[in-house]
Amino acid sequence: MRNVLSIILGGGRGTRLYPLTKRRAKPAVPLAGKYRLIDIPVSNCINSGIQKMYVLTQFNSASLNRHLVNTYRFSPFSEGFVDVLAAEQTAENPDWFQGTADAVRQYLWLMESWKAAEYLILSGDHLYRMDYRPFIEHHRKTNADVTLSVIPIDEARASAFGLMKIDRNGRVIDFEEKPEGEALKSMQVDTQSMGLDAERAAKMPYIASMGIYVFRREALVEMLKRSPEHTDFGKEVIPAAMQDFRVQAYLYKGYWEDIGTIEAFYRANLSLTQQPSPPFSFYDAAAPIFTRPRFLPPNKILGADIRQSIVCDGCIVKDGVQVSGSILGVRSRVETNTVIENTLVMGSDEYESPDERQAARDAGLPPLGIGPDCHIRNAIIDKNSRIGRDVRILNKDRVQEAQREDEGIWIRDGIVCVVRNSIIPDGTSI
């Protein structure tokens, strides 16, 4: 894998994940209380023996840069690196990234300097564990110019993905990006040819691209230079490539989740608490997911009832607290007699000393964390939030969409999101 260069795409605005992307790039969004989304593709690369990685970004990249610098440091005796390439204006190109393909095109001069045999292109907002070596070996074995990693998918989700048809040798013969209506129906195939049984094939009659590609270096360079108007891989580059290049499909059989929306993000996080078998596990010693080492103190649990939940490093949970089906992120603090159900609490970037907590109270502000006598259900509490005493976040009216950004509250897909650094006063009811 020394001849493979990985390119991780993370430059989109992340509008569907707003307000979690208000102050951070999409790949920097916290995951499972202690990780970041970017840790998934980077860890998969490391576990696959791929150590040369570029991360392309454009919006709110400061926290992402800081995380990567503090986390991934390779030996000086290796060629390994994880470098951020941010969009920039130059004399030759005064525009920002116009799409996924355009982002790669603008930095092609740098990537070509590595003389890699293949370019592995990944997304920065997916949750999955994949060994890329069989994928790349399949690409080489079939003499493909580009290979797409694919999964079978049901009709309810199909229109959100690029769909394809393949021949009996796995070659892609038709590709449509996010089709709807009759165009969607026309992309149905018999997925039994991919090894699914009749029952699963009936439920999943579509083949979807995962947004994971491996390109032969010369092929990618030619594709990007011959059609400079093509700015997106899924919409333009891949469909056009089928005319003159060999495009293959590779079936991925493991768990994979596109974390592109608040609902998908919430569902993917809370699914980690499922028992006995969550769909994705961070407890795989053979293929660990790496993240920043923080050297935090152990948790302090004082008379709390915690069930089917994940409690990350450095938390303080007081007497009478009830936590179920939830995640408490690093440095979370939960005061007495608070109930937390089916909620992702992202935690805090720092601790407050007793004097700082008292100063906050004297100033009429809740201290950092979740105050006493609260009840929170089906919510996402972003980092560094201050939630006062006797706060109710329950969405009893089942509001699906609402924006109260001046109050630090958004509701997306029926999920209440408390915005990063928000202050929720005592007695608030949502």
Cα centroid separation - segment 337-367 against segment 1-43, whole Å = 27
Please name which of 376, 261, 106 has its Cα lying farthest along the dipole of the chain towards the positive end, using unit charges on Cβ (Lys, Arg +1; Asp, Glu -1) and the Cα centre as origin.
-> 376
If you place +1 on the Cβ of every Lys and Arg, -1 on the Cβ of every Asp and Glu, and leave all else neutral, what size is the dipole of the chain about its Cα centre, to the nearest 20 Debye?
-> 820
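Below 8 Å, C-alpha to C-alpha, sequence gap of six or more: please give me the relative contact order for the chain in percent. Display every interim value, and only then the final one.
Values: 973 pairs, mean separation 58.1, N = 430.
Relative contact order of the chain: 14 percent.
Anything over 27 Å Cα to Cα? Flag those among 185/253; 203/383; 34/300, in the order listed. Provide the component values of the computation, followed by the final result.
Numbers: 185/253 24 Å; 203/383 39 Å; 34/300 17 Å.
Among 185/253; 203/383; 34/300, the Cα-Cα distance tops 27 Å for 203/383.
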Summing -39500 (n - 2.57) over the DSSP H runs of n ≥ 4 in the chain and dividing by its residue number, what mean residue ellipticity at 222 nm do you reach, to the nearest 500 deg cm²/dmol?
-> -5500 deg cm²/dmol
Entries of 26/235; 26/178; 22/52 with Cα pairs more than 23 Å apart = 22/52
Find the relative contact order for segment 300-424 and round it to a whole percent, using C-alpha pairs within less than 8 Å whose residues are 6+ positions apart.
-> 18
What's the center-to-center distance, using Cα atoms, between segment 369-415 and segment 147-178 in Å?
-> 38
Regarding segment 4-273, what are the three Cα extents along the principal axes, ordered largest first, in Å?
-> 50, 45, 36
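Just so you know, all these numbers are worked out from the coordinates, no wet-lab data involved. Here the structure is a predicted model, which is why all the values come from computation and not from measurement. We place every Cβ from the backbone using ideal geometry, glycine too, and count neighbours over all the protein chains shown.
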